[in-house]
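Below is one structure, written out as structure tokens; the observations come after it.
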Amino acid sequence: MPATLQRHILLVLCGLTMLGAACSSSDSKGGGKGAGDTSLQFDTSLNPQDSADSDAGMPSLDGSGTGDVSANCPGGAGCPCSENVDCETGLCIDDPSLAEGRACARPCGSQCPSGYLCRPLTGPAGDISNFCVPHYGHLCDPCATSKDCQALGLTDAVCTNQGKLGQFCGVACQVLADCPKSYTCETVPSAEGPSSKQCVRAPDQPGGPYGVCECSKSAASKGLHTTCAVEVKGAEGQVLGTCTGTRTCSAAGLGDCTAPP
């Protein structure tokens with residue numbers, strides 16, 4: 001073999017040997033991954049959609065991702081409002097979780113923040129679109145008619161008649177799991193008369209009728225109230241009659257019945 005060709009082959013083999021050593025060194029530092037893999041792994045860690053904390057954010061307006069919309073106030077989805085013109089989405093809906101009682105509707109595809117449901121609502125122009133509405137609506141707010149409980153896309157909620165305790169909004173249910181904690185699914189009469197299965201406050205004591213409702217921020221700020229009654233008993237415990245009064249929501253919660261003793 002000519003000496004020139006031998007020198008060329010030797011140089012090629014030497015180059016391959018040095019390249020192998022460099023790759024081996026890179027693998028030992030990168031946990032078995034090459035430099036390209038390390039770069040991809042680093043880029044992924046900067047993607048907020050893949051971060052461990054991304055689920056803590058609010059879903060985006062189309063329900064497909066996450067993102068904090070609080071910076072869009074006033075006018076943005078989820079911001080307090082008084083009427084439809086206050087909102088970029090053109091729809092101001094009831095939200096009992098806010099002291100103001102109303103918020104700009106948040107459009108949705110299929111997902112909503114925790115505590116909300118994606119439901120079709122009719123906009124000011126008559127068009128129907130999906131928006132996030134509070135999952136349990138006006139649940140336990142004092143009411144006079146079932147219409148008071150149906151302003152959130154929950155048309156099957158009624159104003160439940162809880163006897164002497166008063167009348168409070170329910171939410172339609174089939175089983176206990178349909179109701180939030182501390183509530184039970186019972187067949188109860190409505191303010192209008194007909195009965196249906198609704199979420200109502202669970203009894204405070206065994207055998208009791210219903211538990212005492214907690215006032216939402218909206219109910220407290222509006223001072224919502226309901227009629228109530230107190231039985232008048234004689235010296236021997238016999239019921240002589242019934243006196244009526246009101247129970248009102250405030251920052252301190254639901255007040256006692258104002259009926260005279």
**Prompt:** Yes or no: residue 214 under 28 Å from residue 121 (Cβ atoms), within 30 Å of the chain's Cα centre (by Cα) and surrounded by fewer than 14 Cβ atoms within 10 Å (Cβ to Cβ)?
**Reply:** no
**Prompt:** Which residues, counting only those in the stretch 95-126, are assigned to a loop (DSSP other than H, G, I, E, B), farther than 21 Å from residue 74 by Cα and in contact with a His (Cβ under 6 Å, 6 or more places away or on another chain)?
**Reply:** 115
**Asked** When you look at residue 188, is it crowded, with 16+ Cβ neighbours inside 10 Å, out of contact with any Lys or Arg (no Cβ under 9 Å at 6 or more places or on another chain) and modelled with pLDDT of 90 or more, yes or no?
**Response** no
**Message:** Being part of a loop (DSSP other than H, G, I, E, B) and of a type outside the set (Ser, Thr, Tyr) is the filter here; which residues of the stretch 166-185 pass it?
**Reply:** 166, 170, 171, 173, 174, 175, 179, 180, 181
**Fill in**
Checked the stretch 203-261 for anything of a type in the set (A, V, I, L, M), farther than 14 Å from residue 140 by Cα and assigned to a loop (DSSP other than H, G, I, E, B); matches are 235, 251, 252, 259
**Message:** Looking at 207, 170 in this structure, which one is open to solvent by 20 Å² or more (accessible area, probe 1.4 Å) and either without any contact (Cβ under 8 Å) to a residue 12 or more places away in the chain or closer than 19 Å to residue 249 by Cα (or both)?
**Reply:** 207
**Request:** Kindly indicate whether any position in the stretch 147-165 is assigned to a strand (DSSP E or B) and either acidic (Asp, Glu) or more than 30 Å from residue 130 (Cα to Cα) (or both).
**Result:** yes
**Prompt:** Just for the stretch 228-258: of the residues that are open to solvent by 90 Å² or more (accessible area, probe 1.4 Å) and either of a type in the set (D, E, K, R) or within 39 Å of the chain's Cα centre (by Cα) (or both), which one is farthest from residue 134 (Cα to Cα)?
**Reply:** 236
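The values are calculated or read from the model by the stated rules, or taken from the named source; none is laboratory data. The model shown is predicted, which means the values in this text are computed figures rather than measured ones. Backbone-built Cβ (ideal geometry, glycine too); neighbour counts: all protein chains shown. Each accessible area value is taken on the protein alone, full model and side chains, heavy atoms only, with ligands, DNA and RNA left out. Shrake-Rupley method; radii C 1.70, N 1.55, O 1.52, S 1.80 Å.
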